[in-house]
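As structure tokens, the structure follows; a few thoughts come after it.
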Amino acid sequence: MNKTTPSKTHSDYLLSLRRQTIKVRISQLLIFVLFFSLWQYSSDQKWIDPLLFSSPKKIVALLIHKIADGSIFLHIGMTLTETVIGFLLGTLFGTLLAALIWWFPFLSRVLDPYLVILNAMPKVAIGPILIVALGPNLTSIVAMGILISVIITTIVIYTSFRNVEPNYVKVIRSFGGSKYQCFKEVILPACFPAIISALKVNVGLSWVGVIVGEFLVSKQGLGYLIIYGFQVFNFTLVLMSLLIIALLATLMYQLVEALEKKLIKNRTL
Amino acid sequence: MAFLQLKSVGQTYFSKQTATTALEDITLSVSEGEFVSFLGPSGCGKSTLLSIISGLIQPTNGSVSLKNQSITKPHPKIGYMLQQDYLFPWKTIKDNILVGLKLQGCLNDERTAYTLSLMSEIGLYDTLDKYPNELSGGMRQRVALVRTLATNPQILLLDEPFSALDYQTKLKLEDLVSNTLREHGKTAILVTHDIGEAIAMSDRIVLFSTKPGRIFRTFPVTSHLRKRLPFEARQHPDYSVMFQQIWEELEQIEQNDTE
């Protein structure tokens, strides 16, 4: 009897956990269904302007049409390529810049005010200059995606470099390790979690950069579809592109999270 | 010829407002195989002195030499063990203990085998594939000892290596460290503020006074205590006598401080 009681309470506990999860999932699904049916219904009833706000049915119909003629994949592929390149390079350059500043403390003191200014400045405002300088093509859009994320990445990662427990570095130095070895063996691996969280933030930022870039100049991509839809007053197209972006951004975020779990599974400190 | 020789070592720290003398005129020699403890109240610069001996910091005055070779940067024959284990949480235990060999570019089969044999010696061979967070504090500090010994240093600098552990683990680890160092014929310097630990483990105790840190007195430990393991030494009558003696000296240092 004494033996069965704990396992029974434990199974009760597990059951209550599972119930809680089911409740959360049902609520989430309910919000989803409610939102789209309300949208559909109010559009049908003309409570909202169907021209402006379209309706889920129209969006799905358009999406099926675009999938059937294959054109949507060109746009998705274009934007996705630009965003992935933008956010990977943004994180990479940010980390490299942070490493450079860490290596030369003098540089960090010199650059400090400039980093603050560059971080505060709205980077999208440089868009037009980029396009003139790099040409109206993929390069300038990717550059936009990088530019928007690189400074904040540098600041966040440099800060985490500096906060690494100095005694870890002392261990390396006591074995006669060089500065490069300190960086490679301690600073960089200790900051993997910070780099991953920068990656997460940059997923969102790069989408902003790339879409704005496509607004300014492009003949292809989801940003282009949005601006084109706006120009011809086809808001079904605008909303469809927006929903696709939301879906893709979420997927990318999930991917980074999966990467995080794989890389950092053993390091609960 | 002394094994380790310190000649009038002094250390001064500068800040915008002040220049603080942490250590003044430390002259000391340690012979091969000797176990010396640096004992003193906090702020007497004993940990700083250890960092100077390890070559991690340069003294403002004086010099340190190991076998007549001047120490100006970390030396492969000097091992350093910190207050806490500071095992790298992202490396397995095996990678952690081999890190020194890797850094010194002498990671080969022979040295790896030697390091792994040390692991079985301290009874942690089966943890090699684990990560540090899966081990208890005492186990981790034992792994840190192996990491320090892996590069086969001739002299070990121990910076309060037991201070972060609970009392029981600490007593056990004292015996283990003492025994391991004796068997491998290592010279050691232990920094501690624990009188009992210093008496139980060392051959000689150097007592430091504060502001600035200076050698106040040196106590040789009796041969009865020296030949015993730390835990047994604590039971010996000589232990309490010596404890009393050092206690009074420390009281005097504190009195001098407040005057």
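The values are calculated or read from the model by the stated rules, or taken from the named source; none is laboratory data. Here the structure is a predicted model, which is why all the values come from computation and not from measurement. Here the Cβ positions follow ideal geometry from the backbone for every residue, glycine too, while neighbour counts run over all protein chains shown. Accessible surface areas use protein heavy atoms only, side chains included; no ligands, DNA or RNA. Shrake-Rupley method; radii C 1.70, N 1.55, O 1.52, S 1.80 Å.
Annotations
- On inspection, A:Ser178 fails the criterion of being crowded, with 18+ Cβ neighbours inside 10 Å and among the polar types (S, T, N, Q).
- The set of residues in segment A:10-30 being open to solvent by 80 Å² or more (accessible area, probe 1.4 Å) and either in contact with a strand residue (DSSP E or B) (Cβ under 8 Å, 6 or more places away or on another chain) or not aliphatic (A, V, I, L, M) (or both) consists of A:His10, A:Tyr13, A:Arg18, A:Arg19, A:Gln20, A:Lys23, A:Arg25, A:Gln28.
- Candidates are the residues of segment B:160-178 that are surrounded by 23 or more Cβ atoms within 10 Å (Cβ to Cβ) and either touching a residue at least 40 places away in the same chain (Cβ under 8 Å) or over 29 Å from B:Ile71 (Cα atoms) (or both); the one that is farthest from the other protein chains (Cβ to nearest Cβ) is B:Glu174.
- Pairs with Cβ under 7 Å, 6+ apart, first in segment B:73-84 and more than 7 Å from chain A (Cβ to nearest Cβ), second hydroxyl-bearing (Ser, Thr, Tyr) and open to solvent by less than 10 Å² (accessible area, probe 1.4 Å): B:Ile78/B:Ser54; B:Gly79/B:Thr148; B:Gly79/B:Thr151; B:Met81/B:Thr148
- Top-ranked residue of segment B:97-110 - restricted to ones that are more than 12 Å from B:Arg147 (Cα to Cα) and more than 8 Å from every other protein chain (Cβ to nearest Cβ), ranked as least open to solvent (accessible area, probe 1.4 Å): B:Cys106
- Residue list for segment A:227-238, filter: open to solvent by 20 Å² or more (accessible area, probe 1.4 Å) and either closer than 22 Å to A:Gly145 by Cα or without any contact (Cβ under 8 Å) to a residue 40 or more places away in the chain (or both): A:Ile227, A:Tyr228, A:Phe230, A:Gln231, A:Val232, A:Asn234, A:Val238
- Here B:Lys94 passes the criteria (1) at the interface with another protein chain (Cβ under 10 Å from one of its Cβ atoms); (2) among the basic types (Lys, Arg); (3) not in a loop (DSSP other than H, G, I, E, B) except the one numbered (1).
- Hits in segment A:195-222 (condition: within 14 Å of chain B (Cβ to nearest Cβ) and open to solvent by less than 20 Å² (accessible area, probe 1.4 Å)): A:Ile196
- Screening the candidates B:Thr20, B:Thr48, B:Thr12, B:Thr27 for the property of being within 30 Å of B:Thr222 (Cβ to Cβ) and assigned to a strand (DSSP E or B) yields one hit, B:Thr27.
- Residue in segment A:161-178 that is farthest from the other protein chains (Cβ to nearest Cβ), counting only those that are in a helix (DSSP H, G or I) and among the aliphatic types (A, V, I, L, M): A:Val169
- Checking each residue in segment B:40-58 for being away from every other protein chain (no Cβ under 14 Å) and either open to solvent by 30 Å² or more (accessible area, probe 1.4 Å) or out of contact with any Gly (no Cβ under 6 Å at 6 or more places or on another chain) (or both) picks out B:Gly40, B:Pro41, B:Ser42, B:Gly43, B:Leu49.
- Count of residues meeting criterion [modelled with pLDDT under 80 and over 18 Å from B:Thr192 (Cβ atoms)] in segment B:229-239: 4
- Residue within segment B:122-132 that is open to solvent by 10 Å² or more (accessible area, probe 1.4 Å), assigned to a helix (DSSP H, G or I) and either within 13 Å of another protein chain (Cβ to nearest Cβ) or farther than 21 Å from A:Val169 by Cα (or both) present: yes
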